Structures are given as structure tokens and as C-alpha cells.
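What follows is a short report on a single structure.
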Amino acid sequence: MELGGLHHMTAVTTEAAENVRFYTGTLGMRLVKKTVNQDDTSAYHLFYGDELGRAGTEVTFFDWPQLRVAPNHPGAGEVSTTELRVTGDDALGYWAARLSEAGVSHGGIEDRDGRSSISFTDPEGQRLRLADDSSAVVEGGRQWEKGDVPAEFGIRGLGAFDLTVRDAAPTAWVLTEVLGFRKSGEYEEDGARVHTFEVGPGGPGAVVRLIERPDAPQAHLGRGGVHHVAFRAPDDEQHEAWRKRIRAAGIGVTPQIDRYYFRSIYFREPGGVLFEIATDGPGFATDEDAAHLGERLSLPPFLEDRREEIEARLEPITVS
Ligand code: ZN
């Protein structure tokens, strides 16, 4: 049994319309689902991805306007950067120019762990990095043909999750002994010790970089921060087996929760980051035609009879 790599990341926005504009307009991703947070139906849950929102390509946001005045406090116990895959040096050249033209400040093209990358933030300070995935084994997604970015330069999904922790050992133990990752490298970067891990096929799409900062303050989730990250399980059978394995390791884990587009289990790793394992399917085309994903508010069947009430409490997203 092996995890198939990275599934999705879920972060916090406080400005849904601006968020849609940035991820679809500037980054050229497709809004594949506009739904609500199942645990708080007054909040949008926005999903961006490739043409179908394939597992491994999803970047998702809870819209929590009440956190507008509460920016994320970076530190230990959080996902400190999400890496997005693009292919080849030409793509990075394209993105450096595109981000500059869009007024997005970025760090230019730099070499990180042997690959070209560009670090930048979204308008709310969400830390992102575009990185070359030329060596990838995990299949990347395909950009939506109606996206704003030429297909050959499009974002193909998640490349890596960077986690910052005070002490690498407990998190490394969960990654290797519980989740089946293998250590792939260790180096100094920006004054911190970085330990890299790969799972399944390895390479872009299956990497966790563990950044050890013993003096970092405790991170505090807010606007522009990451709520949790998810890894891929192919089916329900393996999903259940993972749940048993996590429990057997003495880690509290939720029962399987049906998120309708996939099924989920959640647990907190000892470094403080909330992890999820999600099934690859059934996917985003289960309740909408693939040509019209994300155009209307989607609700899972158990919320459908409350549609009127739920819609009345949501501010419509108008993207100009
Ligand atoms: Zn999730």
C-alpha cells in the first residue's frame, strides 16, 4: 500500500471574488467547484484545478471574511509554502514575465533543490512557488483549454508541500514510519535545515519538504494561511487501511467523511500540521457536466434541500 502523492491543499481566503480573479485570471487555473464548507455552510469552499480538478491538481479555499483583520502568523506547525508544477525553463520565463506584468511581486527565477522555481504570494500573502517538474513521474494535470495561460506553460498541479516545524524528528517519523514516505535529501537553505521526503512514484507531485526552525514562533492560522494538506489514496479499501494504520500508530484520526467529490480522513501530525488522506474519486464531474464545472453553486445531496437558505446567506461572487 502506497500513497499516490499529493491530493490537494486547502487554504484561507477572506475575499472570494479577488481569490477567483487571481487563481483563474492570473494563474490560469480552472474554478472546478463552487460549493460551501460542509462544516460551516455560510462559507464558500472554492476548488481550483486542472481541466477536471484531477486529484493532485487541486488548490482549494475556505472563504472566511471574518478573518480579514487576522492575517496568518507564519511560524512552526504550518504549511509554509505550496509548490505548483509547471514544465520546463521556458515556462518559468513566461511566468516571471506574467507575474511582473500582473503586479505580483516575486523572487525571480532561482535554483532550489536542483530545480528552477519562482517564489511569490497571492494578494492575501499565501506563499506559493512555481517549480519545474520536468523530472516528474507523477502524471500532471492538463490545463483547461479556456484558461488564460498558453497550455504548454499551464500549472499542472501540486509539486510539493513545505512544512515548517521546530523539530523535524516527530514529523519525519510520521512521514516515514506511518505514511510510507522515504527520505530523499537533506540540506541547508535560508539558514534552516531542510529534510526532503518522497512517496509513491516520488518527484514533483509526491514531495514533502520539512523545514526545521527550532526558534520559530508557533504559527497561527489566518488570512493567507493553509488550513490543511491532503495525500492521495486510490480507493476506499486502502483509505480504510490507512485509517487503521494511523490509529495503530497512536494518532487520533477522524472516521471517513464523505466530501462528495472525494472521501476524507483527517489527523494532526505531531509537528502541528493538519493532514488529510483523500480518495482519488469520484471527482468533480459527479454532479456537474464537465463543460460547466464551477459555474453554479454546487451542494452535496444532503444540503440540496437547504439550497435557498444557504444561497441567501452567501454573497454572490462577481468577477469583473
Ligand atoms: Zn481537504
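The values are calculated or read from the model by the stated rules, or taken from the named source; none is laboratory data. Keep in mind the model is a prediction, meaning the values are calculated, not measured. Cβ sites come from the backbone with ideal geometry, for glycine too, and all protein chains shown count toward neighbours. Each accessible area value is taken on the protein alone, full model and side chains, heavy atoms only, with ligands, DNA and RNA left out. Shrake-Rupley method; radii C 1.70, N 1.55, O 1.52, S 1.80 Å.
Can you figure out the FRET efficiency of Arg306 with Thr254, using R₀ = 22 Å and their beta-carbon distance, to the nearest 0.05?
The value I calculate is 0.40.
Please enumerate, by chain and number, the lysines with C-alpha under 23 Å from the C-alpha of Lys33, excluding those fewer than 8 residues away in the same chain.
Lys146
Work from the charge dipole of the chain (Cβ charges, +1 for Lys and Arg, -1 for Asp and Glu, about the Cα centre) and give the residue of Ala278, Ala151, Ala91 farthest towards its positive end.
Going by the Cα projections, it comes out as Ala278.
Multiply the residue separation of Glu237 and Gln66 by 0.36 nm, subtract the distance between their alpha-carbon atoms, and state the gained length in nm to one decimal.
Stretched fully, the Glu237-Gln66 segment lengthens by 57.7 nm.
Looking at the chain, identify the longest residue range that excludes and avoids all GluC sites (Glu not before Pro) in DSSP loops having at most 12 other Cβ atoms within 10 Å.
It works out to 146-294.
Charges only on Cβ, +1 for Lys and Arg, -1 for Asp and Glu: so what's the dipole of the chain about the Cα centre, in debye to the nearest 20?
Roughly 500 debye, rounded to the nearest 20.
Nearest 5 percent is fine: what portion of the DSSP beta bridges confined to the chain is antiparallel?
About 70 percent, rounded to the nearest 5.
Arrange the residues Ser100, Ser298 by how much accessible surface each exposes, largest first, with a 1.4 angstrom probe.
The residues order as Ser100, Ser298, largest area first.
Determine the distance separating the Cα centre of region 243-320 from the Cα centre of region 51-120; give it in Å without decimals.
Rounded to whole Å, the Cα centres lie 22 Å apart.
Along the charge dipole of the chain, Cβ charges K/R +1 and D/E -1, which of Ser42, Gly103, Ala219 sits furthest on the positive end?
Result: Ala219, furthest along the dipole toward the positive end.
Using only the alpha-carbon atoms of the chain, report the extent along each of the three principal axes, biggest first, to the nearest angstrom.
Between the extreme Cα coordinates on each principal axis of the chain lie 51, 48, 38 Å.
When only the heavy atoms of the protein chains count and the probe is 1.4 Å, how do Trp95, Trp64 rank by accessible area, highest first?
Trp64, Trp95
Scan region 230-287 for trypsin sites (Lys or Arg not before Pro) in coil per DSSP, keeping those whose Cβ has at most 10 other Cβ atoms within 10 Å, and list them by number.
Here no loop site has a sparse enough neighbourhood.
Where in region 127-164 does the amide nitrogen come within less than 14 Å of the point 7 Å from the Cα of Glu288, taken along Cα to Cβ?
Residues passing the 14 Å test: 144.
Determine, from the Cβ-Cβ distance of Ser105 and Thr318 and an R0 of 25 Å, the FRET efficiency 1/(1 + (r/R0)^6), rounded to the nearest 0.05.
FRET efficiency, Ser105 to Thr318: 0.40.
If a/c stays under 1.5 just call it rounded; otherwise compare a/b with b/c (prolate if a/b is bigger, oblate if not). Do that for region 3-43, with a ≥ b ≥ c from the square roots of the Cα gyration tensor eigenvalues.
oblate
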